[in-house]
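Remarks on the structure that follows.
Derivation of every value follows stated rules applied to the coordinates shown; laboratory data play no part. Nothing here was measured: the structure is a model prediction, and the numbers come from that model. So basically every Cβ, Gly included, is an ideal-geometry build from the backbone, and we count neighbours across all protein chains shown.
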Amino acid sequence: MFIKLQDALGDMKTQYTAEFRFYAELNDFLPAQQRKQTLLYRFSGHPAIKDPIEVFGVPHTEVELIVINGQAVGFNYQLQTGDRVAVYPVFKNIDLCAMPKLREEILSKPRFIIDVNLGKLAKRMRLLGFDCLYRNDYKDTEVANIAVSDQRVVLTRDRRLLYAKRISHGYWVRAVEVEIQVAEVLQRFNLYDLIQPFTRCLMCNGVLKSVAKADILARLEPKTKLYYDVFYQCNKCQRVYWEGSHIDDMRQRYAVFLGGTQPR
Ligand SMILES: [Zn+2]
C-alpha cells in the first residue's frame, strides 16, 4: 500500500522543462556531447537557478552572468517551465557595468587560498607577489571557512568544492602544467598590472622587506657575498632572498604577461 502511494505521488509530481545554453569556457565543465548545445533540463518545483547550473557541473563561482528569457537574473531566481537560460563566464572585453552583479566586487588586489595539490601554483603566484595561503592538507571545510572569513579567492582543481554556496569567489584551475595554470589565473582575474615580484616569501607567504647586506652577511655563501648587494628577508620565517639569476629567469618567463599579451 505504502509503495503504491509513493508511485502515485511520483506520478503526480509535475515535470517541467527549461532550456540551457552555456557559453565560452563554461563548456569546459560539460561532457563533450553537451558542449555548445541547447540542453533540455527536466525538473519539478521551482529550484533556485544555482542548482540546475551545478547539476550540469558548472560551479557558480565560474558564472558571471545569467540571462533568462532575455533578462539578467541573480542566483536566487527560481526556474520556471519554458525558461530559456543562457549562462556566461567572465567576459574579457565587455563592460558589464549596466548588468546586475551576481556577487560583490573582488578586492582590488585579490588574495587567494590555494587548494591541496596546487603547491607549485602557490609558489609561482607568491613569486609574482600575490598573497596565497596554501597547505597540502587542507580539508574542504577549512578552505571554505578561510575563503569566507579572510575574503580570499579559492583556486582549486576540485570543482565540487566551488559548489559551496558560501564561496563567492573561486576558479577551477583547468591546466595540469603549472606555467599554464599561472597564465589562466592571471587572465581570469586580470592580474597583469598587479604583479610585484620580490614581495612575498615563496615558502611561507610572509612579506619580504629589504635588508641591509651587513645585517645578514654571516648567513651568506661566499659567492653570494661577493656578487650580490640587494637582499630581502621574510618577516615570518626570516629566509633571505637576493636578485640572482633565478630572478632574471623568472622575469624572462613572465615577460609575456608583464607585456600584457593574452595567453591562450
Ligand atoms: Zn617566509
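Laid out as a table, the results:
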| read-out | value |
| --- | --- |
| Selected from 133, 114, 164, residue furthest toward positive end of dipole (region 112-198; charges at beta carbon) | 164 |
| In region 144-249, the GluC sites (Glu not before Pro) that fall in loop regions by DSSP, at most 10 other Cβ within 10 Å | 177 |
| FRET efficiency for residue 38 and residue 116, using Cβ-Cβ distance with R0 set to 45 Å, rounded to 0.05 | 0.75 |
| Exceeding the 19 Å Cα-Cα cut-off - candidates 209/236; 139/236; 109/213; 120/223 | 139/236; 109/213; 120/223 |
